[in-house]
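Working notes, beginning with the structure itself.
The values are calculated or read from the model by the stated rules, or taken from the named source; none is laboratory data. All figures in this text were calculated on a predicted structure; none of them were measured in a lab. Note: ideal-geometry Cβ built from the backbone for every residue, glycine included; neighbour counts use all protein chains shown. Areas reflect the complete protein model, heavy atoms only, side chains present, ligands, DNA and RNA absent. Shrake-Rupley method; radii C 1.70, N 1.55, O 1.52, S 1.80 Å.
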Amino acid sequence: MTHSMSSPKNIQLVFETYQKARLAFVQSIAELATRSTNVKCLESAGVIELLRPLVSDAYSTVRQCAVVAAARLAEHDEGVARQLLNGGMVTTVLENLHKYNVYYKRSALYLMRAIARHNDELASMIVRLGALEHIVTCLEDFDTQVKENAAWALGYIGKHNEQLAGQVIDAGTLPLLVLAFQEPEISLKQITAGALVDLAQHKPEAVVDAGAICHLVRGLDNQDPKLKRSVLCALSAVAGGRAELAEAVVAGGALPPALLHAAHHAPPVRRAAACLLRDIVKHSIELAQLVVNTGGCGPLVELLAESTGGSRVPAFMALGFIAGQSDQLAMAVIESKAVPPLVEILQNNEAEEAEICAAAWTLGHIAKHSPQHSLAVAVANAFPRLLQLYTNPKSSEEIKARALCCLKQSLQCCLHRPALEPLLHAAPACVLKYVLAQYAKILPNDARARRLFVSTGALKRIQEIDTVPGTSLKEYINIINSCFPEEIVRFYTPGYSDSLLDRVETYTPQIPELFTDRVPSDCQSELKLEN
């Protein structure tokens, strides 16, 4: 080696070249890892082993890009995430978390989130490595993006099951999350609200005890739609737990803004508001009554006209929960004109399965209380469509079950004869017995109904039904038959006309002697005239 080649300047150039090569490598890998289609190829090329020493590189930018590259790979592939855990790279990153600058912290927290998102097993492995302590410390960092990534990682860990959510909460995260939610940055508010949603799904009591409700409700004053949606989802997750938690949400002032946001211009916000109302009213008659008294039926009925955004199903269910609590609340739902749009959903061949099931479920809860309630469903012509949905072989099992349940609940209270009559000729036995049960109540006390029952062919129809003695169907037929003269029932019994013809053939005429002994006088006079 010549003297010129071994000069300090040239030696420094060698190290600079190596440094640039490392940086170019990790930057290229980080860019390639943004596409999931590249992950398998990178993995087979041994990229994980090459990245492992670079996460502790002496050059800060190389360290940061190496962790970002690893996080992107882990985000796309569960197998890569498992290799990073088993290979010790995550342990190394956690050890370095507080040694370097905020950029490294952001990247490291991104890696935690990318691994934890896959399943509870990987999230538990991260917790066992002691990651929670490091992540919680980052919630107190001065850098906003570090706090965002920390909140995001905690949400991804705690969302999987109750045990993990409990471990996250036990690490002292909730007070820090509530404080972070009060920061002015919108993105930090959104992410911390999302973390509260994930934790509230499993530990709603802890969220209430942390004093988060009032701060979340105040967050609805912000004009950002994403933040509104996240806040409404967090409140819904709390309210869905049990009645006491729903009462705490209402006491925190969430009900008026929830009704207001049911008419928000952003579909995700409307849906989240409908979900919150659903999770409030489902617990008790008192909460349902409070929502009705506050004017809740109107906004919910307006959501039934939605065609996009997914707001209809939670609105259906909210109305169903309200109607199911009492006959007075069901009548309030009817008076809000909810039945026609519900039936319209059933008639819509383009409606989704979840919407059809929810509409049928809600109609059943409306109609089940009394004949007056059932009348509202009957006059909307819901019964033929429900029967069609039940008997259609293309309907899913869930749709069939919901349609049958709605028919049973509605028919058991229905005394509206025009709605019952078409079912006599089309309904299968499992539905027909409920129809006949109602006729057994109507016919004994209504002469006009009995006449129509005969003239429309209904009496003839029930004589044709093949029944087994001792069944409820047979008992109802016997009750109905007892409402008519015996000869009328026999006349419409199958085979009765044949038996009459048989009697004609076997009948011996009984002619009076007057006609056998002599020709009648009028006939004799006619014979004389002819002669």
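Please identify the helices of the chain, taking whole runs of DSSP H, that span at least 24 Å along their own axis as judged from the Cα atoms and have a mean Kyte-Doolittle score of -1.0 or higher.
On the way: long enough: 8-32 (36 Å, 0.08); 60-76 (25 Å, 0.42).
Taking the DSSP H segments of the chain (at least 24 Å long, mean hydropathy at least -1.0), we get 8-32, 60-76.
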Residue-span extension gain [His425 to Thr493] - 0.36 nm each, minus C-alpha spacing: 22.9 nm
Net charge contributed by nearby residues that have their C-beta within less than 11 Å of Leu97 (K/R +1, D/E -1): 0
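Based on the Cβ-Cβ distance of Glu162 and Thr391, what FRET efficiency does E = 1/(1 + (r/R0)^6) give at R0 = 45 Å, to the nearest 0.05?
Result of the calculation: an efficiency of 0.60.
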Counted charge near Gln412, where neighbours are those whose Cβ lies closer than 15 Å (Asp, Glu -1; Lys, Arg +1): +3
Distance between modelled label sites at Glu475 and Asp209, nm, 7 Å Cα→Cβ extension: 5.3
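Could you compute the net charge surrounding Pro175? Neighbours are other residues with a C-beta less than 12 Å from the C-beta of Pro175; K and R count +1, D and E count -1.
Details: positive: none; negative: Glu140, Asp209.
Combined, the nearby Lys, Arg, Asp and Glu give -2.
Once the Cα gyration tensor of segment 69-124 is found, what semi-axes does its equivalent ellipsoid get, as square roots of 5 times the eigenvalues, in whole Å, sorted largest first? Let's see the in-between values first.
On the way: eigenvalues 70, 25, 18 Å².
They are 19, 11, 10 Å, listed from largest to smallest.
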Heavy atoms of Tyr434 accessible to a 1.4 Å probe, total area in Å² rounded to 10: 40
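Please report, to one decimal in angstroms, the Kirkwood hydrodynamic radius of segment 185-342 built from all distinct Cα-Cα pairs.
One over the average 1/r among Cα pairs gives 15.3 Å for segment 185-342.
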Over the chain: helical MRE at 222 nm, DSSP H runs n ≥ 4 each giving -39500 (n - 2.57), nearest 500: -21500 deg cm²/dmol
Value of relative contact order over segment 174-284, rounded to a whole percent, pairs C-alpha under 8 Å and six or more apart: 24
Cleavage-rule hits (GluC sites (Glu not before Pro)) in segment 113-159: DSSP loop, at most 15 neighbouring Cβ within 10 angstrom: Glu140
Segment 220-293 and segment 44-88: distance between their alpha carbon centers, rounded to Å: 42
With all protein chains modelled, accessible area of Thr391 [1.4 Å, Å²]: 70
Extension gain (nm, one decimal) between Asn10 and Glu335, 0.36 nm per residue minus Cα-Cα: 108.2 nm
Gain upon complete extension [Gln328, Tyr100; 0.36 nm per residue less C-alpha separation]: 75.6 nm
Two-site FRET efficiency, Arg242 against Ser44, from Cβ-Cβ distance with R₀ of 51 Å, rounded to 0.05: 0.50
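At 1.4 Å probe size, with the rest of the protein present, what percent of the exposed accessible area of segment 282-355 is carbon and sulfur atoms?
On the way: 1560 of 3220 Å².
The C+S portion of the solvent-accessible surface of segment 282-355 is 48 percent.
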